[in-house]
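K.L.:
The structure under discussion is supplied below as structure tokens; questions concerning it will follow.
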Amino acid sequence: MGRKGERGYLKRKPAPKMWPIHRKEAVWTVMPKPGPHSISLSLPLILIVRDMLKFAKTAKEAKNIISQGKMMVDGKVRRDERFLVGSMDVISIVDAEKSYRVLPSGKGLVLHPIDPDEASFKLCRIENKHVVKGGHVHLDLHDGASYRIKVSNPQNPEEDTYQTLDVLKLSVPDRELLGHTKLSIGAPAIVIGGKNMGKYGKVVTIEKKPSKKRRDLLVTIEDKNGDQFQTILDFVFILGDTEPSISLPEVD
């Protein structure tokens, strides 16, 4: 008889490369629970508590901390140590009164300390959009959630201004719409994938090729030192209109 249900184990060697674990000191690691982010682009909460924040020395200690409701993700208490946390998520430690934003870097995902005001919102990229019953626009976001925009006429360009790869600024945990940033030349952006992952700057040019898929178009980004690099549109995450709406770590 075949196996039923999800697999409850994962070896360290085939685990995602961005996970902050030693590959040879043990055989097994935590099997994450299916969640809002893909396994390859996220971290289980237990690894954040034990390996990144160093609040525990063992998985058992980290599990106890999480089960006591001391960890919040996007303003909500998460008690499952296998819950997946990904880019732009806001992590708050109740007892320590500290907050972090999960950001991409050249070595994977990092925790960037933020103040209480910045911990009150997160940025979500629009991955897909479609019109639902009633004529309203339904937006699928990068964190697995969705957002519905109520418009009287979705075919009217003046009302339906939301496009894929644009970014919404949402409050946490209420998820109220605080702002909308369009993907455009001159906008600040951070790279969320590829060899330039973690680098950020302003969008200089966007390739125009009708025969090419939009997400595969080449984008040129210029950093604060004036150096330019290229990536594809699918790896670009817009951070604001002219200036980043979030604080960013220094890039080497």
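K.L.:
If the viscosity is 1.567 mPa s and the temperature 4 °C, what translational diffusion coefficient in µm²/s does Stokes-Einstein give for the chain when Rh comes from Kirkwood over Cα pairs?
P.N.:
Numbers: Rh = 19.6 Å.
Estimated via Stokes-Einstein, D reaches 66 µm²/s.
K.L.:
Right, something else. Please give the direction-averaged projected area of the C-alpha convex hull for region 103-225, in square nanometres with one decimal.
P.N.:
9.6
K.L.:
Another one. Let's test this: bin the Cα-Cα distances of region 158-252 at 10 Å from zero up to the farthest pair and state each bin's percent.
P.N.:
Reading upward from the zero bin: 16, 47, 29, 8, 0.
K.L.:
Can you give the convex hull volume of the alpha carbon atoms of region 1-149 per residue, in Å³?
P.N.:
156
K.L.:
Springs between alpha-carbon atoms under 10 Å, Gaussian network over the chain: tell me which of Phe55, Phe237, Phe121 tops the mean-square fluctuations.
P.N.:
Looking only at Phe55, Phe237, Phe121, the biggest GNM fluctuation is shown by Phe55.
K.L.:
Could you state the principal axis extents of the C-alpha atoms in region 37-87, from the largest down, to the nearest angstrom?
P.N.:
In descending order, the Cα extents are 26, 21, 15 Å.
K.L.:
Just to confirm, what accessible area per residue do you get for region 1-97 at 1.4 Å probe, in whole Å²? Walk me through the intermediate numbers first.
P.N.:
Details: 5770 Å² over 97 residues.
Using a 1.4 Å probe on heavy atoms only, each residue of region 1-97 averages 60 Å².
The values are calculated or read from the model by the stated rules, or taken from the named source; none is laboratory data. Note that the coordinates shown come from a computational prediction; the quantities given were computed from them, not determined experimentally. Only protein heavy atoms, including side chains, enter the accessible area calculation; ligands, DNA and RNA are left aside. Shrake-Rupley method; radii C 1.70, N 1.55, O 1.52, S 1.80 Å.
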